[in-house]
1. Could you tell me which residue of the range 114-145 is surrounded by the most Cβ atoms within 10 Å (Cβ to Cβ), considering only residues that are in contact (Cβ under 8 Å) with a residue 40 or more places away in the chain and hydroxyl-bearing (Ser, Thr, Tyr)?
2. How many residues are within 8 Å of the ligand (Cβ to nearest atom) and without any contact (Cβ under 8 Å) to a residue 12 or more places away in the chain if we restrict to the range 152-163?
3. Can you confirm whether LEU540 is in contact with a His (Cβ under 7 Å, 6 or more places away or on another chain) and either buried (at least 24 other Cβ atoms within 10 Å of the Cβ) or part of a helix (DSSP H, G or I) (or both)?
4. Among GLU20, GLU30, GLU15, GLU54, which is touching a residue at least 12 places away in the same chain (Cβ under 8 Å) and either touching a Pro at 6+ places or on another chain (Cβ under 7 Å) or over 25 Å from CYS355 (Cβ atoms) (or both)?
5. Among the residues of the range 560-571, are any outside any helix (DSSP H, G or I) and without any contact (Cβ under 8 Å) to a residue 24 or more places away in the chain?
6. State all residues of the range 376-411 that are of a type in the set (Lys, Arg), touching a residue at least 40 places away in the same chain (Cβ under 8 Å) and either surrounded by fewer than 20 Cβ atoms within 10 Å (Cβ to Cβ) or part of a loop (DSSP other than H, G, I, E, B) (or both); if no residue qualifies, say none.
7. Taking only pairs six or more apart or across chains, which ones have beta-carbon atoms under 6 Å, a first residue in the range 224-242 that is not assigned by TED's automatic domain parsing to the domain that holds GLY212, and a second residue that is loosely packed, with under 15 Cβ neighbours inside 10 Å?
8. Looking only at strands (runs of 3 or more DSSP E) that lie completely in the range 137-195, which have at least 3 residues being modelled with pLDDT of 95 or more and over 23 Å from VAL241 (Cβ atoms)?
Amino acid sequence: MVEKICNGGEYLLREIDCREVFTPEDFTDEHKQIAETTEQFVAGEIMPINEEIEAKNFDLVVKKLQECAELGLMMIDAPEEYGGLELDKATSMLVMEKMAFALNFGLTYMCHTGIGMLPLIYYGTAEQKGRYLGKLIRAEMIGAYCLTEPGSGSDALGAKTTAILSKDGTHYILNGTKQFSTNSGFADLFTIFAKVDKVHFSAFLVERSFAGLGLGPEEKKMGLHGSSTRQVILDNVRVPVENVLGEVGKGHKIAFNVLNVGRFKLGALCVGQQKYALAEGARYANERRQFNVPISSFGAIREKLADVTAMTFASEAVVYRLAGMIDNRLATIDRGIDNYYVEYQKGIEEYAAECALIKVFCTESAAGSIDEMLQVHGGYGYMAEYPIEQLYRDERVQRIYEGTNEINRLLIPGLFMRKGIKGNSLDPSLQAAATGDFAAEKQLLKGMKRMYLALADHTVRLFGVGAANEQEILLTLADAAIQIFALESAVLRAEKASVTATEKMQELYRAVSKICTFRAKQQFVDAAEKCAAFIGHDALLESIAAETAYKGSGLLAAKRLIADATSQLEKYIF
Ligand SMILES: Cc1cc2nc3c(=O)[nH]c(=O)nc-3n(C[C@H](O)[C@H](O)[C@H](O)COP(=O)(O)OP(=O)(O)OC[C@H]3O[C@@H](n4cnc5c(N)ncnc54)[C@H](O)[C@@H]3O)c2cc1C
């Protein structure tokens, strides 16, 4: 574990040293062991029954969740006193990544261990945890999370579901409809958000057995056929007051803080999906012959393998870097204090912008990677016989749930502005010339950071608090901030890993970081130019070229090197 604590947004203000970031190359034997257990479980128990899962055999899904629990895979985030292991976020993300190969089962697992269990872990009383957590850890109960309603999705606090205290003060009576609840078809415990007296947004632990709780039919979805998605209908459901989760009127804290971790876990799932897609694409490209040669010998196909490897490398770098940042901060909290989970939540909230940023970057990277690997399959990629077809259908929703990518993008610059991330707090390290092995990449990063701060400062100067309403501009700032974090994570990972790597691996790290850099530069310049044009600042627009003067020499050789290695190994090479 790295020791230095890096605050949320701090990466924009100074040069970060590679020793400050946690990377997949830093995994301990314990991390690797649990990853291997998950891989074996998925390969042996889930992949062979994918068709049955797709056909909605949910009894089988629940049985497999219980087997998964027997292996300890539901214990990772839960506290020890209730039978959990309370392992670090790096472990939690690594298991999530490996679960991606389980396709829909991976989502079911993510929902149960994430938005299903975390509200109780973070906000439950000792009595509530005693009652439910052990059962959730053993998968004797399955969790679901019900925030969305037919009339309120992004506007989650606009919920219409009501909770009225009974005259004798023993129960709340819930009425309303929750929409699109994952796992709802077989869930036993629902975290349901409702407004007490139509005003105070609150969370309730609602058992499936409570009278009046009904379900709509399974939604007919584009993808995720093996995942249950239904309406949860509440018709005078009597919920004991002991089942209020957290404080009445403070449900928004639960809803949003749990979503931070949900977004982060989704990022990890996307890493696994990209590895899956890449392996399928690389193998198919070697098998498929056209014009008497394997299609993997064509530059057009090889470039896709190289680009997807680079996108996966960057996604992996951002996810585990954030895991390290959060783990470092959480490690400073005294486990013995009464309000441990209050402090814990503050620790995670510190990185709310990074969680949103990872959600956007990884879901879009997965979308691009899966699309390109489907293209490698030609017409066969469109056929259900190949896993890439399912990955393609299933992936689409990831840019919609856990907060749409628009909503997540809009959050990012605002959160940074509120943290006081602005040009006048810029560290001198951003003015000094970069040196060393990855100097060109680091020089570009410095220019990108200076440019972001100048654009953000000018936006605030121009619109003041009204900047929050300038959505088109905020989206460009979000894209710029996302590209900086992603590129920096990839480059620092490559630099750190190179220290102990073989010469051959060092070459691959240099090559992958070149591909990431060229790509990030293009996307950053696009966002920054659009931002400068929107705010009508000609001088800033003209300075973009100078601040991002990265040439990318050797790019073609780098792509060929990465493509060769990927094609040879027929999977992700790092
Ligand atoms: C398969 C699936 C599983 C799901 N699982 C769950 C679950 O387990 N629990 C749960 O609670 N929910 C779940 N959801 C719901 C999901 O979180 C919502 O669909 C999502 O938050 C978007 O809400 P919406 O569909 O109402 O879209 P809307 O909010 O109506 O958005 C429509 C469009 O408008 C944009 N938009 C909305 N507001 C703004 C704004 N202020 N500024 C700019 N653009 C805006 C959006 O980005 C989007 O492009 C699931 C959804 C799906 C499809």
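The values are calculated or read from the model by the stated rules, or taken from the named source; none is laboratory data. None of the values given here were measured: they were computed from a predicted structure. Positions of Cβ are backbone-derived with ideal geometry, glycine not excepted, and every protein chain shown enters the neighbour counts.
1. Within the range 114-145, the match that is surrounded by the most Cβ atoms within 10 Å (Cβ to Cβ) is TYR145.
2. So the first thing to find is which residues in the range 152-163 are within 8 Å of the ligand (Cβ to nearest atom), and the list is 152-156.
Filter once more, so that each one left must be without any contact (Cβ under 8 Å) to a residue 12 or more places away in the chain: 152, 155.
Going through the range 152-163 one residue at a time, the tally reaches 2.
3. Values: in contact with a His (Cβ under 7 Å, 6 or more places away or on another chain): yes; either buried (at least 24 other Cβ atoms within 10 Å of the Cβ) or part of a helix (DSSP H, G or I) (or both): yes.
So LEU540 fits the description; yes.
4. Details: GLU20 fails: either touching a Pro at 6+ places or on another chain (Cβ under 7 Å) or over 25 Å from CYS355 (Cβ atoms) (or both); GLU30 fails: either touching a Pro at 6+ places or on another chain (Cβ under 7 Å) or over 25 Å from CYS355 (Cβ atoms) (or both); GLU15 fails: either touching a Pro at 6+ places or on another chain (Cβ under 7 Å) or over 25 Å from CYS355 (Cβ atoms) (or both).
Every option except GLU54 fails the conditions.
5. No: zero hits.
6. Narrowing the range 376-411 to residues of a type in the set (Lys, Arg): 393, 396, 399, 409.
Remaining after also requiring touching a residue at least 40 places away in the same chain (Cβ under 8 Å): 393, 396, 409.
Hits for the range 376-411 are ARG393, ARG396.
7. Note: no pairs meet the criteria.
8. Working: elements: 143-146, 162-165, 171-182.
Per the criteria, 171-182.
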